[in-house]
Amino acid sequence: MMSPGKIKQCTDENGNRIKNSMAEKCFVEINGIKMGMIIKSRNVSNPVLLFVHGGPGMPEYFLTEDYPTGLENYFTVVWWDQRGAGLSYSNTINQDTLTVNQYIDDTIAVTNYLRRRFGQDKIYLMAHSWGTYFGIQAVKKAPQLYNAYIAVGQVTDQDESEKRAYEYMLDYYSKTCDKKTLDELKKHEYPSAGYTKIRDSVMHRSGIGTMHNMKSVVSGIFFASLKNRGYTLTEKLNLWRGKLRLNQNPHLKMNDDLRKTVTSLDVPVYFFSGAFDYTVNYEMSEAYLNQLDAPVKKFYLFKKSAHSPLFEEPDKVAQIITSDIIRRC
């Protein structure tokens, strides 16, 4: 659990730091709040990619230790911790600023900081899960700042998605003859406080949670966050303090149906979804992309993944990004 909080450098096969590479943790004032981000790149002249994490309040850089993405091979990738989350946690943040509209404005402000810092007119934005809810709205608001929008598990209407997940699990636990879990689900129907308490557990055990092969949030996420050496002990504790506070914040609920509120984007759009993803229903994401008006759009289904193909099938992600997305732009 103890660690120095230093970010591992990009090195060659001999263990030497690669020239023009970058691996740093930095803190920047964004819209009046000190925010943290981790930047990694094997070549800082590569295009910048801003990664907008899930949650609310769930930074994802720590997962790269067990599930390396390789994004730093072809991007200068920025793992930004959102307002109140992880490296950007503070117990003095005005609760009135923890709104979806503020997160949209923060995304644009971080984008402009990165454009200035790295001298790039436009950057790429990749968002995951909850991050896609406001990430796509940021791109809609300021399309001139972005080369492309890449969504991993694109949200549409989260209430409908949750209903589909509940029905899927009733069928799954019936077919696997797990009467105990099936009875538990029937006792705590969606939506209810009882269902909320068991949701993560039953989702992961049925293979439709964070990753298809991750059967436990505790071992797969909580323990992974504690062992990552890129965070200090205080930063690790703040990760979970922020998660708890933001996840319970009513102003960060995904109430809008994006299929009705964001019907077009003026940038190329790419959706990545896992075939086992019922955390954010992949069929709904694909249908949304089909109706979305955009200059270029493409949907990619990852057949071995659930909610996180970026971590589950990184080689396929790399192939798509290098051959379809970067080359096009």
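The values are calculated or read from the model by the stated rules, or taken from the named source; none is laboratory data. All of these numbers come straight from a predicted model, not from anything done at the bench. All Cβ positions, even for glycine, are placed from backbone atoms using ideal geometry, and neighbour counts span all protein chains on display. Note: areas computed on protein heavy atoms with side chains; ligands, DNA, RNA excluded. Shrake-Rupley method; radii C 1.70, N 1.55, O 1.52, S 1.80 Å.
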Q) How far is it, in nm, from the label point at Thr322 to the one at Glu29 when both lie 7 Å from their Cα along the line to the Cβ? A) 4.2
**Q.** Given charges at beta-carbon only (K, R positive; D, E negative), |dipole| of region 119-182 in Debye
**A.** 100
**Q.** Amide hydrogen neighbours beyond the local backbone of Tyr146, cut-off 5 Å, H modeled
**A.** Ile123
Q) Considering only the other residues whose Cβ falls under 11 Å of the Cβ of Ser216, what net charge follows from Lys and Arg at +1 and Asp and Glu at -1? A) +1
Q | Separation in nanometres of the label points that stand 7 Å from Cα toward Cβ, at Lys6 and Glu160 | A | 5.1
Q: Roll a 1.4 angstrom probe over the protein heavy atoms and tell me the percent of accessible area of region 132-208 that is carbon or sulfur.
A: 51
Q) Under a Cβ-Cβ cut-off of 11 Å, what is the net charge of the residues other than Asp257 that fall near it, where Lys and Arg count +1 and Asp and Glu count -1? A) -2
Q.
Need one number: nm distance between label points at Gln291 and Asn249, each 7 Å from Cα along Cα→Cβ, rounded to one decimal.
A. 2.9
**Q.** Shape of region 248-329, Cα gyration tensor, a/c cut at 1.5
**A.** oblate
Q: Please give the FRET efficiency for Trp240 paired with Lys303, using the beta carbon to beta carbon distance and R0 = 30 Å, rounded to the nearest 0.05.
A: 0.40
**Q.** Protection proxy ranking of 60-72, 88-100 - average other beta-carbon atoms within 10 Å, highest first
**A.** 60-72, 88-100
**Q.** Backbone HN-Hα couplings from phi across region 25-31 [Karplus 6.51/-1.76/1.60, Hz, Gly and Pro as x]
**A.** 10, 9, 10, 9, 7, 10, 6
Q: Kindly report the accessible area of the chain per residue (heavy atoms of protein chains, probe 1.4 Å, no ligands, DNA or RNA), in Å².
A: 44
Q. What ranking do 295-302, 197-204 get when scored by the average of other Cβ atoms within 10 Å per residue, highest first?
A. 197-204, 295-302
Q: Would you please classify the overall shape of the chain from the alpha carbon gyration tensor, given that a ≥ b ≥ c denote the square roots of the eigenvalues, rounded means a/c under 1.5, and beyond that prolate means a/b larger than b/c while oblate covers the rest?
A: rounded
Q. Using modelled amide H (1.01 Å from N, peptide plane; none on Pro or chain starts), what sits under 5 Å from the amide H of Gly55, excluding residues fewer than 5 places away?
A. Trp130, Gly131
Q: Starting with the highest mean, order 12-22, 109-119, 281-291, 131-141 by the number of other Cβ atoms within 10 Å, averaged over the residues of each peptide.
A: 131-141, 281-291, 109-119, 12-22
Q | Cα gyration tensor shape for region 1-50, rounded if a/c is under 1.5, else prolate or oblate | A | oblate
Q. Using helices alone, what [θ] at 222 nm do you get for the chain, with -39,500 (n - 2.57) per DSSP H run of 4 or more residues, divided over all residues and rounded to the nearest 500?
A. -10500 deg cm²/dmol
Q) Any idea how far the Cα center of region 149-163 sits from the one of region 95-118, in Å? A) 21
Q. Cα centroid distance between region 60-84 and region 250-303, in Å?
A. 21
Q: May I ask for the net charge around Asn43, where only other residues with Cβ less than 14 Å from the Cβ of Asn43 are counted and Lys, Arg are +1 while Asp, Glu are -1?
A: +2
